[in-house]
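Here's the structure, in structure tokens; my notes come after.
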Amino acid sequence: MDPRHHDFPEIESVKASKRTLWVKAMAAVIFAGIILAVLNLEIAIMQSQSVHGGFKILSVLLSLLLLFFMAYAVLKGIKTSRNNKISRISVDRSGLHHYKDDAIVESLAFNSLRPGPRPENYDVIVSEGEDTSYIICVYYFDKSKNITSLKAVTLNTPFSIRNAEELQRHFIKGIMQLRPDLKVSPKVLDLLNIKDS
């Protein structure tokens with residue numbers, strides 16, 4: 001075995017229980033606030049003498065539609081969160097692992113990483129996401145599809161992680177140490193504040 005593998009310690013996620021509770025409480029308060037605001041607006045519209053009957057009906061229909069989609073989104077989020085049984089995440093000398101209790105349910109192994117399709121480009125990049133600001137992406141070999149594709153390095157847990165950036169930083173350091181054949185973009189190093197040595 002390569003001696004570099006022995007110099008790479010394992011680190012695990014640290015749950016941020018208070019932050020998770022705070023985020024859930026704030027989401028509940030915002031959801032309840034929106035419902036109350038819509039209901040108050042509807043009451044004001046219904047009691048107004050200057051608003052036509054057709055507009056009142058349209059307003060009620062739009063409010064009900066808005067409340068339906070909000071309730072659907074919340075219920076879908078709750079179901080997704082309940083189905084996500086990830087209990088911890090670790091980065092070790094073999095890669096990034098998501099655990100359910102003591103069993104690995106998803107891994108992004110260092111040995112599954114591949115160079116990008118163009119040799120002149122970087123293999124580990126920063127991509128601007130649609131619903132997040134920046135996502136670190138790697139090329140990896142998907143055995144189930146027998147193809148190399150771009151994959152986001154995500155920490156998918158139903159709870160907040162206190163050391164999420166440290167886990168990502170450790171994963172990138174692992175790539176640099178254990179897979180020196182892969183080129184890491186300077187943007188990734190800047191984003192995670194890693195010194196290139």
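The values are calculated or read from the model by the stated rules, or taken from the named source; none is laboratory data. Small disclaimer: the values here were computed from a predicted structure and weren't measured. Positions of Cβ are backbone-derived with ideal geometry, glycine not excepted, and every protein chain shown enters the neighbour counts. For accessibility, only protein heavy atoms count, side chains too; no ligands or nucleic acids. Shrake-Rupley method; radii C 1.70, N 1.55, O 1.52, S 1.80 Å.
Brief remarks on what is shown
- Here Ala103 meets the list (1) within 29 Å of Cys137 (Cα to Cα); (2) in contact (Cβ under 8 Å) with a residue 12 or more places away in the chain; (3) not aromatic (Phe, Trp, Tyr) almost entirely, failing just condition (2).
- Pairs are defined by a Cβ separation below 8 Å, a sequence spacing of at least 6 or placement on different chains, a first member in region 128-145 that is more than 12 Å from Ser112 (Cβ to Cβ), and a second member that is modelled with pLDDT under 65 and surrounded by fewer than 15 Cβ atoms within 10 Å (Cβ to Cβ); the pairs so defined are Ile135/Gly129.
- Selection within region 93-118 - open to solvent by 50 Å² or more (accessible area, probe 1.4 Å) and part of a strand (DSSP E or B): Lys100, Ala103, Ile104, Val105, Glu106, Ser107
- Of the candidates Phe55, Phe68, the single residue that is open to solvent by 60 Å² or more (accessible area, probe 1.4 Å), of a type outside the set (A, V, I, L, M) and at pLDDT 90 or above is Phe68.
- Residues that are modelled with pLDDT under 85 and open to solvent by less than 60 Å² (accessible area, probe 1.4 Å) within region 75-92 comprise Gly77, Ser81, Asn84, Ile86, Ser87, listed in sequence order.
- Selection of region 139-163 for residues being closer than 18 Å to Ser127 by Cα and open to solvent by less than 60 Å² (accessible area, probe 1.4 Å) yields Tyr139, Tyr140, Ser149, Lys151, Ala152, Val153, Leu155.
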